[in-house]
Amino acid sequence: MNELEMKIEPSFVEEDLAIVFSFDFMRFSKKMGEAVVYTFSETQDPSWESFSSTEYIELMPALKNQNGKIAVIHDITILEEYKKQSMNKMFHFLKIIGISKVYFLQSKSNVAVI
């Protein structure tokens, strides 16, 4: 069975002081989904207080009381049957780079599917 591949393209948005990761999820050279994730320091911008009511996932609960790095999923579109595997791969990558929380601009239960 050919596994789902994840390709990552990083960029930097100077005005937001954010590293942005564009994810493409591929299988047999066919796109199964994509996501755009912004990463920040949790203390960097007071506008992040607006995310307090937004859904999020704690990737590293041990860092709960420390100022950590956060990610905000801005756009995500994944074929339904690849949604779980794609999200797991993306969360694994974010955890490796030290992200403690992942916020969703959309409801995580209503992540767009194509």
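Residue count for the stretch 1-44 satisfying the condition of being in contact (Cβ under 8 Å) with a residue 40 or more places away in the chain and over 18 Å from Leu94 (Cα atoms): 2.
Of the residues in the stretch 67-97, how many are of a type in the set (S, T, N, Q), closer than 12 Å to Met6 by Cβ and exposed (fewer than 14 other Cβ atoms within 10 Å of the Cβ)?
1
Considering only the stretch 75-95, state which residues are polar (S, T, N, Q) and over 23 Å from Ile19 (Cα atoms). Passing the criteria: only Gln85.
Just so you know, all these numbers are worked out from the coordinates, no wet-lab data involved. Since we're looking at a predicted model, the values are computed, not measured. Positions of Cβ are backbone-derived with ideal geometry, glycine not excepted, and every protein chain shown enters the neighbour counts.
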